[in-house]
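Notes follow the structure.
The values are calculated or read from the model by the stated rules, or taken from the named source; none is laboratory data. Here the structure is a predicted model, which is why all the values come from computation and not from measurement. Quick reminder, even Gly has a Cβ in these numbers, built from the backbone with ideal geometry, and neighbours come from all protein chains shown.
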Ligand code: GDP
């Protein structure tokens, strides 16, 4: 296997040929979630911990000693950016650790394992190679699936109707009212309107709303500023050369040249998927935000539902995503005594979203995790009562501080489905100021990164392939 190790810098073609010769199986693992959900930190931690395996005891393959080696190799897709693992790891583990920049576009990383089969097979078969191709992509791009069924006129009517009662849409709506679809098309006007619409989309995402199409306006990748990303919703249309006609044409071009290729070239090839979400952030923001997170999750899940969309049905044929993990990230903000409740809430959110999306087929699981644990647990006396706290280094001041974010309810339904009711707010105490920096680490070889339940996540996602 010296050869396999040494091809690391030799280019993908060598590995391609090599995996062809031995027909080594490769599994494509998608990682998604909206911006800020924790994709970059998750992948960095997953890879570091699978390479080292010192903290992955809940994986049967690790506990049973089946993984002989794990190593990074050139990825199979020559035209995709590589996930910049080394840079992100260096950010998290340097002498003054900091959070890496989050996911802005799709990227890929191939992690390969040398696996010794269990039992008598070990003697007969010897070890084998299993590749895991990790695909990181913005959840915003997945939400674009709804556009495929719609014309520009339908999308515009729905979008503009929803914008009417959102205060942060006022600026765009005023600008839009000043021009009309029959006005002659002019690129400067189109760009200015798109800019204003993009500002609105950012505000809508910050408010947790699931209807934030087109996703590429939020995360344009290399398409920023191009005509295919310069369009807006407009009621009505005009004749040849009008703004309305041009916006409709670009909407169709966006679907044909951006959305469909993404689903065809990347999404359709995913075998297993993890969807990350900042559930704690939503709980802190209140019942409306939790409700919106549930709607967003339903939208994301329905992309994986067979038959949801004629285009997807044609594209996928009988291929299905086998497993989907829904993970609530950043659980290190809470003392472990609260984790069962967070997990119960996450499970209930998943169940609700499955029902809404009428989802069936893939195995699903919900977990609360921390890809990188930034806190330690302590108990503090407050007015004679012992409180379970977490302590970490604050991002702003660099000072150590201990917090009790508040208690979560034992019954998840006290949080879910409470939108519009005048109910109790949860985590509305210290949570707002709990912005922790990554803790400085003293790492021994083989240590991996400190985490919460990343081994359970990995067990569900790929554990069966490594024994
Ligand atoms: P992405 O946009 O989905 O790639 O999100 P990132 O991976 O960049 O994470 C966004 C931010 O969430 C990070 O900059 C951190 O501030 C925070 N974060 C992510 N994972 C963790 C975690 O495990 N623990 C804590 N405390 N914060 C996290």
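For the range 420-437, residues that are loosely packed, with under 15 Cβ neighbours inside 10 Å and more than 16 Å from the ligand (Cβ to nearest atom) total 7.
Are any of the residues in the range 176-189 out of contact with any strand residue (DSSP E or B) (no Cβ under 7 Å at 6 or more places or on another chain) and closer than 28 Å to residue 298 by Cα? There is no residue in the range 176-189 that is out of contact with any strand residue (DSSP E or B) (no Cβ under 7 Å at 6 or more places or on another chain) and closer than 28 Å to residue 298 by Cα. Checking every residue in the range 124-143 against the condition of being under 18 Å from the mean Cα position of the chain (by Cα), in the same structural domain as residue 24 (by TED's automatic domain parsing) and surrounded by fewer than 18 Cβ atoms within 10 Å (Cβ to Cβ) gives zero matches. Of the numbered criteria (1) at pLDDT 95 or above; (2) over 30 Å from residue 296 (Cα atoms); (3) part of a helix (DSSP H, G or I), the one residue 56 fails is (3).
Here is the figure for the range 438-452: residues that are in the same structural domain as residue 68 (by TED's automatic domain parsing) and either touching a strand residue (DSSP E or B) at 6+ places or on another chain (Cβ under 6 Å) or surrounded by 22 or more Cβ atoms within 10 Å (Cβ to Cβ) (or both) total 3. Residue 78 satisfies every condition listed in (1) at pLDDT 95 or above; (2) in contact with a helix residue (DSSP H, G or I) (Cβ under 7 Å, 6 or more places away or on another chain); (3) surrounded by fewer than 20 Cβ atoms within 10 Å (Cβ to Cβ) except (1).
Only helices (runs of 4 or more DSSP H) whose full extent lies in the range 263-359 are considered here, and the ones with at least 3 residues that are away from the ligand (no atom under 16 Å from the Cβ) and in the same structural domain as residue 36 (by TED's automatic domain parsing) are 287-302, 310-316, 339-356. For residues that are within 14 Å of the ligand (Cβ to nearest atom) and closer than 16 Å to residue 284 by Cβ, tally how many sit in the range 397-418. Total satisfying the criteria: 2.
If you filter the range 362-396 down to residues that are assigned to a strand (DSSP E or B) and near the ligand (Cβ under 9 Å from one of its atoms), you find that the one that is farthest from residue 302 (Cα to Cα) is 392.
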